[in-house]
Structure formats: C-alpha cells, structure tokens
Amino acid sequence: QFVESGGGTVQPGGSLRLSCTLSGSLFRTYVMGWFRQAPGKQREPIAAIFSGGSVQYFGSVEGRFTISRDDAKNTVYLEMNSLKPEDTANYYCNTRPEMFPWGLGTQVIVSA
C-alpha cells in the first residue's frame, strides 16, 4: 500500500527528497512516519508528523531532515539535507504505530 520514491546516490553534503504515497481515504487521520534500515541493522524511526502538522525527529537527523505531508495527495515527504555516509539505508514510511505492511522502500546511498 505504500509507494516510496526519491532515493538515489549522492555525495556527502548532498540533498534528496523522498516521497511516500498511501492509498485510501483515511490518510489525513494518520500519524505518518519515516523509518530507515541500514545494512546489518534494525529498522529505526527517524521522523513523524501528526495529523495537525506537529513533527518529531529521532536521533541524528534532527536539524538536517524535514518531514512534511500533503493530505490532498495522500503523500508524506522527507527532505534530507547535509547527507552523511551514515545516512546510507533503505528508507520506508508507515503509520505510527505501524498499522500496514511495509513497502519496498527507497534506497539512499551517500558516498564520495
């Protein structure tokens, strides 16, 4: 049900904008989150946005990543700036708490 896009390979210090779309009419009621899973590590939450627009960030992404949503498009975004090699991971979205099967994610590689 989730379709993530926007990943790619960038150099350190670069930027990417990820998008995630969820079908259905209840999108606007959900708390939406971005998660990532680095090679050999567990999936972790990195950002969340509430239905009213409040946001929350976790770990090292605060100050560099920005989560936003467009309820008219059933889409949540993740603007990623000042990317570091340690941001390399597969990025996913889901509700918080996670209520739906995971999508395929979108891969982000940060490398010189």
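The values are calculated or read from the model by the stated rules, or taken from the named source; none is laboratory data. All of these numbers come straight from a predicted model, not from anything done at the bench. Cβ placement follows ideal geometry from the backbone for every residue including glycine, while neighbour counts extend to all protein chains displayed. Areas reflect the complete protein model, heavy atoms only, side chains present, ligands, DNA and RNA absent. Shrake-Rupley method; radii C 1.70, N 1.55, O 1.52, S 1.80 Å.
Take the conditions at pLDDT below 95 and more than 13 Å from the chain's Cα centre (by Cα) and apply them to residue 27. Does it pass?
For residue 27, the condition - at pLDDT below 95 and more than 13 Å from the chain's Cα centre (by Cα) - is met.
Just a yes or no: is a residue in the range 23-37 surrounded by 15 or more Cβ atoms within 10 Å (Cβ to Cβ), among the polar types (S, T, N, Q) and outside any loop (DSSP other than H, G, I, E, B)?
Within the range 23-37, one or more residues are surrounded by 15 or more Cβ atoms within 10 Å (Cβ to Cβ), among the polar types (S, T, N, Q) and outside any loop (DSSP other than H, G, I, E, B).
What number of residues in the range 69-86 are under 12 Å from the mean Cα position of the chain (by Cα) and within 15 Å of residue 7 (Cα to Cα)?
Residues that pass the stated criteria total 5.
Given (1) of a type outside the set (D, E, K, R); (2) open to solvent by less than 60 Å² (accessible area, probe 1.4 Å); (3) in a loop (DSSP other than H, G, I, E, B), where does residue 51 come up short, assuming only one miss?
Here residue 51 meets the rest and fails (2).
May I ask you to say which residue of 69, 64, 43, 28 is free of Cβ contacts under 8 Å to residues at least 60 places away in the same chain, touching a Ser or Thr at 6+ places or on another chain (Cβ under 8 Å) and closer than 15 Å to residue 108 by Cβ?
Exactly one of 69, 64, 43, 28 is free of Cβ contacts under 8 Å to residues at least 60 places away in the same chain, touching a Ser or Thr at 6+ places or on another chain (Cβ under 8 Å) and closer than 15 Å to residue 108 by Cβ, namely 64.
Is the range 4-17 home to any residue that is over 17 Å from residue 105 (Cβ atoms), crowded, with 18+ Cβ neighbours inside 10 Å and touching a residue at least 24 places away in the same chain (Cβ under 8 Å)?
no
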